[in-house]
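Engineer: Structure provided below as structure tokens; questions to follow.
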């Protein structure tokens with residue numbers, strides 16, 4: 001059985017978080033859960049990294065592109081390309097956004113790290129994210145506005161959806177040597193079964 005205390009998740013602060021000066025605020029929100037940061041850097045993302053990160057196949061492009069065609073037809077907009085190209089444009093817009101400014105990839109570790117961060121981050125669309133979540137509290141973008149403007153939704157932060165996905169994503173942004181192994185004082189109160197040594 002995997003060590004639950006060592007589960008890892010990837011978090012990326014996107015260009016809008018960096019440009020709006022929310023790096024410290026967002027990191028603080030995650031750290032206050034008790035999760036431990038084991039990797040952190042500020043970089044300019046490369047296009048190939050982003051395409052690898054989003055990891056979509058031809059079937060995904062086609063499926064999403066067909067929905068775009070339906071929406072364009074319903075709105076009376078012209079159809080200018082094949083469905084699959086509209087599907088590729090979705091990831092293309094994300095790649096353009098992710099490479100426009102520095103980003104801050106991070107790895108957090110701890111019990112249920114993936115689920116804890118997902119809960120804190122909120123749903124993909126800021127408009128429908130609950131109050132108290134990072135996306136719900138710090139941004140106001142919506143799918144409708146992003147689609148109208150022909151761009152990716154600006155939702156501040158990426159987090160892994162599943163444990164296996166986190167492992168794949170972490171390997172894109174970090175080498176194993178960049179991930180640190182160390183102890184935090186607060187792990188004593190979070191994980192120590194007997195709570196030995198807390199009294200003087």
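The values are calculated or read from the model by the stated rules, or taken from the named source; none is laboratory data. Predicted model only: the values in this text are computed from it and were never measured. All Cβ positions, glycine included, derive from the backbone under ideal geometry; neighbour counts span all protein chains shown.
Engineer: Would you mind listing the helices (runs of 4 or more DSSP H) fully within the stretch 124-200 where at least 2 residues are loosely packed, with under 14 Cβ neighbours inside 10 Å?
Structural biologist: In the stretch 124-200, the matching helices (runs of 4 or more DSSP H) lie at 143-149, 163-173, 187-191.
Engineer: Considering only helices (runs of 4 or more DSSP H) fully contained in the stretch 4-103, which possess at least 1 residues that are at pLDDT 95 or above, within 17 Å of the chain's Cα centre (by Cα) and surrounded by fewer than 16 Cβ atoms within 10 Å (Cβ to Cβ)?
Structural biologist: It comes to 15-19, 23-31, 47-54, 83-98.
Engineer: Next up: Looking at the structure I just gave you, is residue 120 assigned to a helix (DSSP H, G or I), out of contact with any strand residue (DSSP E or B) (no Cβ under 9 Å at 6 or more places or on another chain) and assigned by TED's automatic domain parsing to the domain that holds residue 30?
Structural biologist: no
Engineer: Continuing with this model, one more query. Restricting the first residue to the stretch 155-181 and requiring it to be touching a residue at least 24 places away in the same chain (Cβ under 8 Å), which pairs with a second residue that is exposed (fewer than 14 other Cβ atoms within 10 Å of the Cβ) meet a Cβ separation below 7 Å and a spacing of at least six or different chains?
Structural biologist: What qualifies is 155/124.
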